[in-house]
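Undergrad: The structure is given below, and queries will be raised subsequently.
None of the figures in this text is laboratory data; all of them are computed from the coordinates on show. No experiment lies behind these values; they were computed from the predicted model shown. Every residue, glycine as well, gets a Cβ built from its backbone with ideal geometry; the counts of neighbours run over all protein chains shown.
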Amino acid sequence: MLSPRQLFFENLAQTSFSPIAIEIESASGCWLHSPDGKSFFDLIAGVSVSNIGHNNPRVVKAVKDQINKHMHLMVYGEFIQKPQVRLAELLTRYLPDNLNSVFYTNSGSESVEGAVKLSRRYTGRHEVISFNNAYHGSTIGALSIMGNEEMKRAFRPLMPSVSFLEFNRVDDLDAITSATACVIIEPVQGEAGVILPEDGFLQQLRDKCTQTGTLLIFDEIQTGFGRTGKMFAMDLYEVVPDVALFAKGFGGGMPLGAFVSSREIMSSLCNDPVLGHITTFGGHPVSCTAGLASLEFIIEEKLERNAINNGRRFKQLLDHNLIKDVRGEGLLMSVELESAEMVKKVISIALKKGVVTDWFLFNENCIRISPPLIITGEETEFACRILQESMDEV
Ligand code: PLP
């Protein structure tokens, strides 16, 4: 019998030649446990997913209760299912008034695909604008609006009528015209290495979209659910989009996403053609149950505040001569070093010392800090100590 490690390489398709490849058998809070008795502190939370911590008991109980009632019943949008409607009600209560209609998906990429279709259908236009260094997912539509040529080259031809602007460059916004169906943007660019919007940039983008009748789509897939110190990044920057995208932290550890817009805009998907956008598993009742328990937990425990406090603590404690910059909002953070080589070494030493982190897809000079939002002050100190000891050894 082959070991799980051998089977991993034998039977699982790989995404790179250098996966982390540690076996994890169980997880709780901010910790991952391997079968050989080792524990690892999780500084990435499955890439901004496990905001409420791994195996949050409240979510586990809710999931078990729901499984005992029912799992999948029917394709999305036909039967009335309590987990879906309750979650949509709570989510929209925490969103601006115009974002009151939730279309569930299974993942971030699917939320992106749905939103691009929605904007084309609603505006009757086809041009899409995105930003350099944007990451919106790996499906063909999401790849088409990815702001990184290297990642796209091998997969062309992609979706036509897409153009790219420079994040934070106000002059570029003139490219948005009455022919633009939508502009899609991460309010904080994640995979670019946590690039924050400059003062007023998102508001000027909002104004330009309003003037031209273009739908503004905020990809909050990585920034959502307390990660940046507010429930959503749109609250942090006080700019309201026409469509918001969620996934990752939405499902409390289960696969769940959504694109959310106004009832008026969303209703355009009901006709011409009827059933023009459908999904079998989007809004799976078990995922929605987990999402509801997770959102209630975030609200009751005020995890945004903990993200702000521990984000500050990281910034205070991370002080090393290899560090060029520590930036971010809340617990969506990036630690910039001199080179990608240095980052890789620090990550590998930290892993040996029991801390899991990684770099960013479009910025290999940066170390990712996006732990579960339940992280304690002591855990933050521990993570900083290990990172700095790892930098000492580079
Ligand atoms: N959008 C952003 C900002 C992301 O960070 C990601 C994933 O990392 C996606 C979209 C794609 O989400 P998924 O991997 O669930 O398809």
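Undergrad: So if I take the centroid of the Cα atoms in region 220-294 and the same for region 95-171, what is the distance between those two points in Å?
TA: Taking the Cα centre of each part, region 220-294 and region 95-171 sit 15 Å apart.
Undergrad: Quote the relative contact order of the chain in percent (integer), defining contacts as alpha-carbon pairs under 8 Å separated by 6+ residues.
TA: 23
Undergrad: How would Thr15, Thr376 line up from fewest to most surrounding beta-carbon atoms within 10 angstrom?
TA: Thr15, Thr376
Undergrad: Count neighbours as other Cβ atoms within 10 Å of each site's Cβ, and list the chymotrypsin sites (Phe, Trp or Tyr not before Pro) in region 74-142 that are DSSP loop with at most 15 such neighbours.
TA: Counting only loop positions with at most 15 other Cβ atoms within 10 Å, the chymotrypsin sites (Phe, Trp or Tyr not before Pro) in region 74-142 are Phe79, Tyr94.
Undergrad: Once you list every other residue whose beta carbon is under 15 Å from the beta carbon of Asn309, what net charge do they have if Lys and Arg are +1 and Asp and Glu are -1?
TA: +1
Undergrad: Within 11 Å, Cβ to Cβ, of Gly141, how many net charges do the neighbouring residues add up to if Lys/Arg are +1 and Asp/Glu are -1?
TA: After counting each charged neighbour, the total is 0.
Undergrad: Over the chain, what is the percentage of antiparallel beta bridges among all DSSP beta bridges, to the nearest 5?
TA: 60
Undergrad: Along the Cα-to-Cβ line of Val170, 7 Å from the Cα, sits a label point; which residues in region 183-221 have backbone N less than 15 Å from it?
TA: Once the point is set 7 Å along Cα→Cβ of Val170, 197-209 turn out to lie under 15 Å by backbone N, inside region 183-221.
Undergrad: Let me ask something else. Quick check for you: which residues of region 284-298 have the amide N under 16 Å from the point 7 Å beyond the Cα of Met71 toward its beta carbon?
TA: Those under the cut-off are 284-290.
Undergrad: Run through all the Cα pairs of region 58-300 and give the fraction in each 10 Å bin from 0, expressed as whole percent.
TA: Result returned by the calculation: 8, 33, 36, 18, 4, 0.
Undergrad: Restricting to DSSP H runs of at least four residues, report the calculated mean residue ellipticity at 222 nm for the chain, -39500 (n - 2.57) per run over all residues, nearest 500 deg cm²/dmol.
TA: That comes out to -10500 deg cm²/dmol.
Undergrad: Further, regarding this structure: Which trypsin sites (Lys or Arg not before Pro) from region 1-81 combine a DSSP loop assignment with at most 12 other Cβ atoms within 10 Å?
TA: Those that pass, being in a loop and sparsely packed, are Lys38.
Undergrad: Once you've got the Cα coordinates, tell me which of Lys208/Lys248; Lys230/Lys345; Lys38/Lys230 are over 31 Å apart.
TA: Lys230/Lys345; Lys38/Lys230
Undergrad: How far is the Cα center of region 61-92 from the Cα center of region 187-201, in Å?
TA: The distance from the Cα centre of region 61-92 to that of region 187-201 comes to 34 Å.
Undergrad: Moving to a separate point now. Which GluC sites (Glu not before Pro) does region 92-150 hold that lie in a coil by DSSP with at most 15 other beta carbons within 10 Å?
TA: Hits after loop and neighbour filter: nothing returned.
Undergrad: What net charge do the residues around Val183 carry, taking every other residue with its C-beta under 14 Å from that of Val183, with Lys and Arg at +1 and Asp and Glu at -1?
TA: Taking every Cβ under 14 Å from that of Val183, the sum is -3.
Undergrad: Using packing as a proxy for protection, rank 272-282, 197-207, 218-228 so that the peptide with the highest average count of other Cβ atoms within 10 Å comes first.
TA: Top of the packing list down: 218-228, 197-207, 272-282.
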